[in-house]
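Throughout, read-outs are computed from the coordinates displayed, never taken from laboratory work. Worth saying up front: this structure is predicted, and the values here are computed from it rather than measured. Note that each Cβ is placed from the backbone with ideal geometry, even for glycine, and that neighbours are counted across all protein chains shown.
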């Protein structure tokens, strides 16, 4: 009798131990197919069954970026019971193929089941206002910024920008205050009502020999002979040295601009005071190091070194002065140095310190 009871208890314990919920999704992947960006949010319901022999509980549902799980079965699901997980995808802002996951956590084994939603989003057609954001009288430009990016010294580069005449009258665009190194024209010269065209810009770096690094120009605009007040086209370029023609031996023998430190701390000063700093460097290369240009950021003045040609093994320095003015608290300012070192043709130096206001100055 005791033996039968022990055997029965053992069988009950084994049954309890082996009893497990089982999260069974007949479909774990959904393809939306082709969607349009303006289609709006897309919902799909993944149904599941607890095919195990104990109660199933979904503890949480975690969607990946760009997808949301709006709802799921939160109550315990008995053996044989059914439930669901709802996933929502918003195509807004997407372009092309996508695949997103939804991780479903439960007390089943495995503890995580991954669902996948996928599809293809075709971007919506943008409006004229979205494509041409810069308004110049009756004409709209793609942007107020014509960027030439990097231009090698001695190089001439061309950039174009789309424009459109959104008015009911013809429009002729002209440019005022154009520097010698820049040429601007519109094609066609006169835009008919509703007509699209291009602004073509040509940047000739040979005519801007004294400038290095990031440079910009502001050009005033005229439409039908009338100057547009306070409306400018911003033109930028990054003028860099051309090292592509150097031979492998010339690169080996190139100068090396080596700083003792690229950061100098001027300590603490009062408002309306100035602080002088010095950056010391050595030419560790095998040919003359040339300091092409030194340019400071806002709030400080940088001076070219006394000697801008540094012999191999020689030292030099660049001095800068920070004027605190109305600044207060921690200060960080940059100075840019342009050299003929192929590996350090543009180097950023940092000036830091603290400007004390009257109430914090020690007495």
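Worth pointing out:
- Springs between Cα atoms under 10 Å define the GNM used for the chain, and in it the highest mean-square fluctuation of 341, 217, 53 occurs at 53.
- If R0 equals 25 Å, the separation of the Cβ atoms of residue 149 and residue 178 corresponds to a calculated FRET efficiency of about 0.80.
- Centre separation in Å (Cα based) which lies between region 251-269 and region 210-224: 31 Å
- Counting other Cβ atoms within 10 Å as a rough exposure proxy, the listed residues 293, 181, 145 run 145, 293, 181 from fewest neighbours to most.
- Relative to the longest principal axis of the Cα atoms of the chain, the long axis of helix 2-18 lies at roughly 30 degrees.
- Ordering 35, 239, 198 by the number of other Cβ atoms within 10 Å of each residue's own Cβ, fewest first, gives 198, 35, 239.
- Within region 199-232, backbone nitrogen closer than 11 Å to the virtual label 7 Å beyond the Cα of residue 169 toward Cβ: 224-226
- Remark on region 172-223: Rg and Dmax equal 13.3, 42 Å (Cα only).
- For 281, 266, order by how many other beta-carbon atoms lie within 10 Å, fewest first: 266, 281
- One chain, two ends: residue 311 and residue 232. Fully extended at 0.36 nm per residue, the span grows by 24.0 nm beyond their Cα-Cα distance.
- Options (i) 37.3; (ii) 17.0; (iii) 18.3 - which one matches mean projected area of the Cα convex hull in nm² as calculated here: (i)
- Between residue 352 and residue 68, the modelled labels are 4.2 nm apart [label points 7 Å from Cα along Cα→Cβ].
- Take every Cα pair under 8 Å whose residues are at least 6 apart in sequence, average their separation, divide by the length of region 248-360, and the relative contact order is 33 percent.
- Net length gained if the chain between residue 271 and residue 92 were fully extended (0.36 nm per residue, minus Cα distance): 59.4 nm
- Region 278-323-region 27-48 distance, computed between alpha-carbon centres (Å): 61 Å
- If a spin label sat at a point 7 angstrom from the Cα of residue 280 along the line to its beta carbon, the backbone N atoms of region 250-272 nearer than 11 Å would be those of 260-261.
- Length available on full extension from residue 323 to residue 196: 0.36 nm per residue minus the Cα-Cα distance, which gives 40.8 nm.
- Label-to-label distance, nm, for residues given as residue 131 and residue 158 (7 Å Cα→Cβ offset): 2.2 nm
- Mean projection of the Cα convex hull over all viewing directions, computed for region 248-360: 6.6 nm².
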